[in-house]
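Notes follow once the structure below has been shown.
Derivation of every value follows stated rules applied to the coordinates shown; laboratory data play no part. Please read these numbers as outputs of a predicted model, since none were measured by experiment. FYI the Cβ positions are ideal-geometry reconstructions off the backbone, even for glycines, and counts take in every protein chain you see.
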Amino acid sequence: MTASGGDTLRDVGMNIIKNRVNDVTVLDIQGVIKLGESAREFSSYLEKVLNDETGPVMINFEAINYMDSTGLGELIGYLQKFEDRQRKMALVKPSHRILALLKITKLDTVFKIFDSREGAMQYLTETAA
């Protein structure tokens, strides 16, 4: 795997670190995504990736402590926007609490969720047969 670039957004309660690995945009998100500034920044950052980057996107949730319905709504909206542009999105290592939220809302059937970066990378880099 080759990594390039590196961009960091720091917000009150949330950090986003962006890298490119094998033509995949990898977002490592830390902290909380909730109503207010962090949800707006999360949305703004996904919009920037949507418009300024190409290829699939991996969102690493391993260090997300909390996400409310506003953050979840932003994630759902951007999944649709990425799919509209024929771009894959994968979620990696959501916490037990976030995974439970995704299961309760049945969104675990909508999002591609992986326990490892390697599994997500394999899915994101495979070509359609």
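Scanning region 119-129 for residues that are outside any helix (DSSP H, G or I) and touching a strand residue (DSSP E or B) at 6+ places or on another chain (Cβ under 7 Å) yields a total of 0.
When restricted to residues that are acidic (Asp, Glu) and under 11 Å from residue 92 (Cα atoms), region 50-66 contains 1.
Candidates 108, 115, 68: the one that is over 19 Å from residue 18 (Cα atoms) and in contact with a helix residue (DSSP H, G or I) (Cβ under 6 Å, 6 or more places away or on another chain) is 108. Which one is farthest from residue 126 (Cα to Cα) among residues in region 24-76 that are part of a strand (DSSP E or B) and of a type in the set (Ser, Thr, Tyr)? That would be 66. Just to be sure I understand, how many residues within region 79-118 are in contact (Cβ under 8 Å) with a residue 24 or more places away in the chain and either among the small types (Gly, Ala, Ser) or in a loop (DSSP other than H, G, I, E, B) (or both)? Selection size over region 79-118: 11.
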